[in-house]
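A.B. asks: One structure, pasted below without further comment.
The values are calculated or read from the model by the stated rules, or taken from the named source; none is laboratory data. As the structure is a prediction and not an experimental result, all values here were calculated from the model. Methodologically, a virtual Cβ is constructed for each residue, glycine included, from the backbone with ideal geometry; neighbour enumeration extends over all protein chains shown.
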Amino acid sequence: MPILLIIPVLSTLAGGLLAVRMRKSITLLVALGAGLLLGAAFLDLLPEAISLSAFPEHAVANVLGITLLSFLGFFALQGVLDAAAERWGMSGSASGKLGGALLIFHSLRDGMAIGLSYAASHTAGYAVAVGIAAHDIGDGMNTILLTTRGKHPRPADYAFLAMDSIAPFLGGLLTIYWRFSSRSSVVLLAIASGFFLQMATGDFLPVVRSFRGDRKLILPAVLAGAAVIYAANLLVGRLH
């Protein structure tokens with residue numbers, strides 16, 4: 001299993017370095033990142049949370065309720081951080097660093113998902129690892145986009161990328177000693193969905209909307225990001 005966990009580590013690094021390399025195309029990267037976040041929330045996290053719900057008759061309402069509370073909670077938190085930054089003359093990087101930290105936590109849980117799947121079936125473990133690797137390319141990109149805010153990366157930004165990259169490996173190893181229950185997994189998936197939706201609509205899409213250049217590639221980039229998540233889910237389904 002440790003060898004299997006190297007896959008998302010490498011894909012996260014690749015996504016982050018791609019964002020650094022293509023920094024001049026920051027608007028298209030942000031649009032692609034928005035699509036990845038929206039696709040992950042609507043096509044991956046929420047369906048999985050609903051399918052894992054312990055109360056099928058109330059699954060949708062319960063999961064979406066937690067997602068809504070998560071969305072509003074992160075929205076309020078971002079407002080507090082932005083107000084503090086404006087009051088004390090801080091840069092807008094504070095909320096970006098928070099977003100990067102939350103992505104690290106999400107990557108840790110991805111590693112746990114790989115570990116638990118591998119424990120149930122080696123084939124399932126490889127299938128989940130491939131799907132998560134596709135997602136983690138987006139995680140690496142979004143980590144750089146959030147922490148740098150489109151500026152030249154600093155050592156601290158690379159440190160966030162390194163932590164996000166190693167998080168799946170550590171999460172997988174953690175499953176040897178500790179496992180999430182189905183109910184806690186549902187809650188975490190719903191919270192992650194709310195966070196992804198808030199980040200896409202609060203951080204990424206406003207940047208895209210304010211872009212003054214040629215907008216022809218913006219919508220295709222958003223759709224391409226969502227399509228990556230959809231294709232990854234189809235691949236996982238075929239491998240199962």
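A.B. asks: Looking only at segment 22-63, how many residues end up being small (Gly, Ala, Ser), modelled with pLDDT under 80 and out of contact with any Gly (no Cβ under 9 Å at 6 or more places or on another chain)?
C.D. replies: 4
A.B. asks: If we only count helices (runs of 4 or more DSSP H) wholly inside segment 113-217, which ones have 2 or more residues that are at pLDDT 75 or above and either buried (at least 24 other Cβ atoms within 10 Å of the Cβ) or of a type in the set (Gly, Ala, Ser) (or both)?
C.D. replies: So the answer is 122-148, 155-174, 182-199.
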